[in-house]
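The values are calculated or read from the model by the stated rules, or taken from the named source; none is laboratory data. This one's a predicted model, so the numbers in the text were calculated from it and none came from an experiment. FYI the Cβ positions are ideal-geometry reconstructions off the backbone, even for glycines, and counts take in every protein chain you see.
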Amino acid sequence: MTNKELADLIFPNVTHDVDYYEKKYPERNLKDGAVVSRFAPSPTGFVHMGSLLSAFIESFIPKITDGIFYLRIEDTDGKRTVENGISGIIKDLKDFDIRIDEGMISETESIGEYGPYIQSKRKDIYETYAKKLISDGLAYPCFCTEKDLEIMREKQEHKKTRIGYYGNWAKCRNLTNEERAEKIKNGEKFIIRLKSPGKFENKIILNDLVRGKIEMPENDIDVVLIKGDGLPIYHFAHVIDDHLMKTTHVLRGEEWISSYPIHTQLFNLLRFKEPKYGHLGLVMKIDETGARRKLSKRKDPEAAVSYYHEKGIPIEAVKLYLLTIANSNFEVWLDANPTSSIYDFKFDFKKMSDSGSLFDIEKLLNISKNYISKLSAKEVYQNLLNYTKEYDKDFYYLIKKYEDYTINILNIEREQKKPRKDYASYGDIKTHIWYMYDELFNSDKYDFQKITDKDEINLILKTYIDKYYNENDNKDEWFNKIKKLCDELNYASNMKDYKENPENYKGNIADVSTVIRVSLTTKSMTPDLYEIMKLLGKDRILKRTKIN
RNA sequence: GGCCCGUUGGUGAAGUGGUUCAACACACAUGCCUUUCACGCAUGCAUUCAUGGGUUCAAAUCCCGUACGGGUCACCA
């Protein structure tokens with residue numbers, strides 16, 4: 001029995017041949033240097049921070065090279081598939097403004113000419129190539145049960161030899177085609193394995209985009225190509241898909257380095273051109289015990305990218321952070337080119353970190369603060385509106401009702417050379433400005449600092465309101481009035497005087513200002529008091545300075 | 001256990017043989033400025049690049065060993 005006859009027996013329903021698919025998916029017509037890259041997650045419903053980093057880079061490179069970025073769903077493992085899992089991924093990408101040129105755009109729909117972009121719909125394609133491999137004598141059906149494999153592993157462990165289905169251990173590899181046909185006709189279950197021509201003693205070299213040369217032994221394992229459920233294993237699907245979809249650059253986590261020998265072997269056997277590979281360091285975090293470990297979705301809320309959307313951290317800030325992690329010289333570049341688009345940055349794989357970088361939320365928040373501080377009040381208002389509309393409806397209606405007032409609040413100490421950096425996220429803003437709204441103002445917990453005596457507080461406030469406060473004062477006049485108030489009540493209006501002779505005074509102008517500040521806002525730390533009072537207006541000020 | 005990768009301050013890291021080689025950023029500390037906070041400014045923070053040995057006139061940078069950390073060895077991706 002020939003290999004061809006065996007192949008026909010195994011795949012009677014495969015009608016196309018390899019040429020059909022090779023013609024169906026021609027080379028892409030792109031300019032020189034254009035990168036075709038992809039994000040290829042399992043439909044688990046969410047994107048992990050580490051995946052986001054690679055998705056971002058995978059989309060970034062095509063963008064700066066006029067290439068193509070597509071989304072392929074790898075759903076060959078039923079256990080990883082979650083209901084509506086594709087939608088979750090699409091939403092996460094959309095929330096981070098990572099746009100795809102091709103691929104899945106919903107649970108069932110896709111755009112682009114190189115589809116289907118979901119592996120479960122590509123069964124015929126994988127079978128066609130598997131059939132070819134069998135015809136060529138490069139693959140064979142394996143009838144070993146899980147039990148058989150388990151026993152084999154135990155023996156190997158006992159003998160302290162390498163574990164795996166290879167060489168003489170690969171019992172099904174040496175069956176005759178007649179024996180194979182016989183078993184198949186008897187209804188024995190089987191899978192398809194590669195007949196690896198590799199030798200463990202031989203070395204192969206991976207020219208990794210980020211790590212440079214890595215030397216590894218050639219693959220000699222007869223890896224599974226098609227599983228019992230008829231779907232391909234990752235390695236096989238990866239090679240077929242990335243060839244047919246004309247991927248030029250494969251970026252993935254470093255956990256894939258050790259399976260590169262399988263991939264390169266498959267590319268050679270199938271006579272496909274191999275893409276370039278870049279293996280990214282894992283995103284790590286220090287856990288409670290001080291140990292370094294992979295950021296995990298189960299334990300770390302910040303691992304899920306939806307977390308940032310919910311917190312209202314601007315996507316631009318996350319992108320800036322990802323780029324600073326990805327390319328160590330990005331920060332310096334951005335500093336030197338503050339007005340340039342990030343897409344002008346010359347990304348360099350060689351500048352990527354080899355080791356897993358530690359996820360640093362402090363740094364992210366700092367980037368976010370800087371980013372928000374540079375926006376105009378109107379932009380912040382608009383973004384805040386979008387955010388609260390989704391996550392804080394009450395506040396949304398409030399700021400919508402008082403649009404101009406809110407914009408003015410957001411503008412305090414903003415549109416100047418050195419703006420304040422109070423807000424790290426849109427979710428943060430309410431905690432900084434709630435007291436400006438009567439609807440939210442709550443006089444239950446005043447944070448008076450030094451002066452806590454009720455009578456003294458009331459004396460200061462009453463004297464100020466009755467004798468000095470004038471809503472039309474400009475900033476200098478306003479401040480001079482506060483000074484006069486201090487003089488009258490025997491508080492030092494000049495800090496230098498106070499520092500020289502503190503015993504001559506009840507306190508100083510800072511203490512008095514704090515009393516006014518706290519009465520109006522309940523907080524001892526706020527932006528410029530004059531600005532706040534201007535916005536609050538006379539009515540609120542009169543009301544809030546009456547403290548019981 | 002085999003194979004592979006990594007190890008520079010609290011964190012991210014620059015730097016791949018020699019003119020400050022330990023940049024820059026975040027964090028932290030102190031001081032100044034200041035009506036609070038923030039901003040800003042100034043200063044401080046690794047005599048040393050996991051460790052031992054070797055090559056060299058010269059190494060964080062090259063070589064070997066050791067330790068530690070990570071990954072991978074599935075009909076998971």
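Descriptive notes on the structure:
- Only one entry of A:ASP348, A:ASP360, A:ASP335, A:ASP354 meets the criterion of being farther than 20 Å from A:GLU439 by Cα, of a type in the set (Asp, Glu), near RNA strand B (Cβ under 10 Å from one of its atoms) and touching a residue at least 60 places away in the same chain (Cβ under 8 Å), and that entry is A:ASP354.
- Among the residues of the range A:1-23, the ones that are crowded, with 17+ Cβ neighbours inside 10 Å, part of a loop (DSSP other than H, G, I, E, B) and not β-branched (Val, Ile, Thr) come to 1 in all.
- Checklist (1) charged (D, E, K, R); (2) within 15 Å of RNA strand B (Cβ to nearest atom); (3) surrounded by fewer than 20 Cβ atoms within 10 Å (Cβ to Cβ) applied to A:GLU503, failing item: (2)
- Residue identified as within 30 Å of A:LEU398 (Cβ to Cβ) and either within 16 Å of RNA strand B (Cβ to nearest atom) or aliphatic (A, V, I, L, M) (or both) among A:ASN470, A:ASN494, A:ASN442, A:ASN508: A:ASN470
- Helices (runs of 4 or more DSSP H) lying entirely in the range A:389-480 (those with 2 or more residues that are surrounded by fewer than 15 Cβ atoms within 10 Å (Cβ to Cβ)): A:393-401, A:403-410, A:454-463
- Residues (crowded, with 17+ Cβ neighbours inside 10 Å, within 20 Å of A:VAL14 (Cβ to Cβ) and within 13 Å of RNA strand B (Cβ to nearest atom)) located in the range A:132-191: A:PRO141, A:CYS142, A:PHE190, A:ILE191
- Residue list for the range A:301-344, filter: modelled with pLDDT of 85 or more and assigned to a loop (DSSP other than H, G, I, E, B): A:GLY312, A:ILE313, A:PRO314
- Residue match in the range A:451-474 (condition: outside the structural domain of A:ILE412 (by TED's automatic domain parsing), of a type outside the set (D, E, K, R) and closer than 23 Å to A:LEU410 by Cβ): yes
- Counting only strands (runs of 3 or more DSSP E) wholly contained in the range A:65-164, the ones carrying 2 or more residues that are under 36 Å from the mean Cα position of the chain (by Cα) occupy A:68-71, A:102-104.
- Scanning the range A:24-42 for residues that are surrounded by 23 or more Cβ atoms within 10 Å (Cβ to Cβ), part of a loop (DSSP other than H, G, I, E, B) and not hydrophobic (A, V, I, L, M, F, W, C) yields one hit, A:PRO41.
- All of (1) surrounded by fewer than 16 Cβ atoms within 10 Å (Cβ to Cβ); (2) among the polar types (S, T, N, Q); (3) within 22 Å of A:THR522 (Cβ to Cβ) hold for A:SER376 with one exception: (3).
- Pick from the range A:504-529, criterion small (Gly, Ala, Ser) and modelled with pLDDT under 85, ranking: nearest to the chain's Cα centre (by Cα): A:SER524
- Of all residues in the range A:267-299, those being more than 9 Å from RNA strand B (Cβ to nearest atom), among the β-branched types (Val, Ile, Thr) and modelled with pLDDT under 65 number 1.
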